[in-house]
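Some notes on the structure that comes next.
The values are calculated or read from the model by the stated rules, or taken from the named source; none is laboratory data. The model shown is predicted, which means the values in this text are computed figures rather than measured ones. So basically every Cβ, Gly included, is an ideal-geometry build from the backbone, and we count neighbours across all protein chains shown. Just so you know, the surface numbers come from the protein's heavy atoms only, side chains and all, with ligands and any DNA or RNA stripped out. Shrake-Rupley method; radii C 1.70, N 1.55, O 1.52, S 1.80 Å.
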Amino acid sequence: MNKFVLITGATGGIGKALAHVYSKNGYNLVLVSTNTNKVNELSKELESTYGNVIYSYVTDLSDEYSYKNLYEYVKELNINLKIVINNAGFGDFNIFNESDLNKINEMIKVNITALTNLTYYFINYFLDKNKKGKIVNVGSIASFFSGPYLATYYASKNYVLSFSEGVDKEVKKKGIRVLTLCPGTTKTNFENKANLDNSKLFKTLKPKTPESLAKYAYKKIKRGKSVIIHGTLNKTLIVLSKFAPRKLVTFVISKIQSKRKNQKNAQ
Ligand SMILES: NC(=O)c1ccc[n+]([C@@H]2O[C@H](COP(=O)([O-])OP(=O)(O)OC[C@H]3O[C@@H](n4cnc5c(N)ncnc54)[C@H](OP(=O)(O)O)[C@@H]3O)[C@@H](O)[C@H]2O)c1
């Protein structure tokens with residue numbers, strides 16, 4: 001049992017569920033989180049349940065030195081790393097020009113810059129070791145649309161899909177894959193952190209559990225599916241949207257995501 005998977009955002013809803021699924025399937029883990037207490041707690045829980053080896057690494061991925069430091073740390077560990085899951089990310093529900101610009105910039109750093117840099121470092125890590133490897137970048141159903149009131153978040157997830165598909169094509173023949181995992185609404189802390197309690201989004205599109213997403217993702221990642229979309233409704237929405245004018249699709253998303261009627265500052 002010496003294969004390792006690295007997961008960023010490992011103590012969040014989806015990251016934690018992925019950590020459990022990979023542990024159950026015989027993987028050792030490198031868990032990356034911003035929170036020392038949470039990551040230590042998760043490590044203990046996984047070690048005692050599955051008896052696997054866990055390394056924890058605490059960092060803030062909005063810090064420009066974090067990616068290189070994380071890569072150097074993993075190199076030093078000298079482990080048999082097989083999979084890197086760039087899962088850390090967040091959204092912010094607001095009218096763009098009324099948003100906290102610091103939060104928007106932090107989102108771009110975590111959702112785009114960290115993911116891009118870690119993909120760069122770990123492709124070269126696999127190449128240097130002459131090894132096959134998979135990088136899984138977590139996009140979203142948002143990767144396929146524009147999203148009023150979550151405009152930067154949707155744009156960041158559009159980037160994740162476009163970037164990952166492009167790089168996957170470049171490195172596939174070298175035995176390295178860059179896959180995109182696209183969850184739909186999923187019951188995690190995401191809704192809370194993005195201030196989505198006021199939005200109709202999670203009320204209209206019933207969220208799935210992170211556990212069901214993680215199980216599904218594990219199977220598809222193993223098979224090397226390049227774009228992994230979770231849930232029949234999400235797949236249907238993406239297909240249907242291809243036949244509708246883009247303006248109409250954006251209008252419908254704007255209606256789904258707008259504030260609930262009983263909220264005071266409804267737009
Ligand atoms: N839940 C959904 O409905 C949904 C739908 C589609 C896509 N996604 C995507 O799924 C991924 C996981 O989200 P989730 O639903 O599991 O939400 P979550 O429970 O809020 O977890 C998000 C994770 O990202 C980490 N993170 C945030 N900012 C970070 C930073 N500056 N540096 C390092 N880590 C940071 C958090 O770390 P800490 O806990 O240490 O702060 C947390 O572990 C995200 O990329 C999200 O965009 C979620």
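For a test of the definition: using alpha carbon positions, the gyration tensor, and the 1.5 limit on a/c, classify the chain as rounded, prolate or oblate.
Prolate is the answer for the chain, as a/c is 1.5 or above and a/b outweighs b/c.
Which longest uninterrupted range of the chain lacks any chymotrypsin sites (Phe, Trp or Tyr not before Pro) assigned by DSSP to a loop state (not H, G, I, E or B) and surrounded by at most 11 other Cβ atoms within 10 Å?
Longest site-free region, per DSSP loop and neighbour criteria: 66-242.
Answer rounded, prolate or oblate for region 1-79, using the Cα gyration tensor with square roots of eigenvalues a ≥ b ≥ c: rounded when a/c is under 1.5, else prolate when a/b is larger than b/c, else oblate. Mind dumping the intermediate values first?
Values: a/c = 2.02, a/b = 1.35, b/c = 1.50.
In terms of gyration-tensor shape, oblate.
How large is the charge dipole for the chain, taken about the Cα centre, if only the Cβ atoms of Lys, Arg (+1) and Asp, Glu (-1) carry charge, to the nearest 20 debye?
For this selection, approximately 1420 debye.
Quick one: pull the percent of accessible area on region 3-257 belonging to carbon and sulfur, 1.4 Å probe, ligands and nucleic acids left out.
Values: 6360 of 12180 Å².
For region 3-257, the apolar C and S fraction of the accessible surface comes to 52 percent.
Rounded, prolate or oblate: pick one for region 75-223, where a ≥ b ≥ c are the square roots of the eigenvalues of its C-alpha gyration tensor, a/c under 1.5 means rounded, and failing that, prolate if a/b is larger than b/c, else oblate.
Prolate is the answer for region 75-223, as a/c is 1.5 or above and a/b outweighs b/c.
When only DSSP loop residues count, what trypsin sites (Lys or Arg not before Pro) in region 92-153 have their Cβ near at most 15 other Cβ atoms within 10 Å?
On the way: sites: Lys103, Lys109, Lys129, Lys131, Lys132, Lys134; in loops: Lys129, Lys131, Lys132.
When the trypsin sites (Lys or Arg not before Pro) of region 92-153 are filtered for loop state and at most 15 Cβ neighbours within 10 Å, Lys129, Lys131, Lys132 remain.
Once you keep just the Cα pairs under 8 angstrom separated by 6 or more residues, what percentage relative contact order results for the chain?
18 percent
Could you compute how much accessible surface His20 exposes when probed at 1.4 Å, giving the result in Å² to the nearest 10?
40 Å²
Please report, in debye to the nearest 20, how large the charge dipole of region 148-199 is about its Cα centre when each Lys and Arg carries +1 at its beta carbon and each Asp and Glu carries -1 there. Spell out each step's value before the answer.
Numbers: 8 positive and 5 negative charges, 69 e Å.
So the dipole magnitude of region 148-199 works out to roughly 320 debye.
Rounded to the nearest 500, what is the 222 nm mean residue ellipticity of the chain from helices alone, with -39500 (n - 2.57) per DSSP H run of 4+ residues and division by all residues?
-14500 deg cm²/dmol
Counting DSSP beta bridges in the chain, what percent are antiparallel, to the nearest 5?
5 percent
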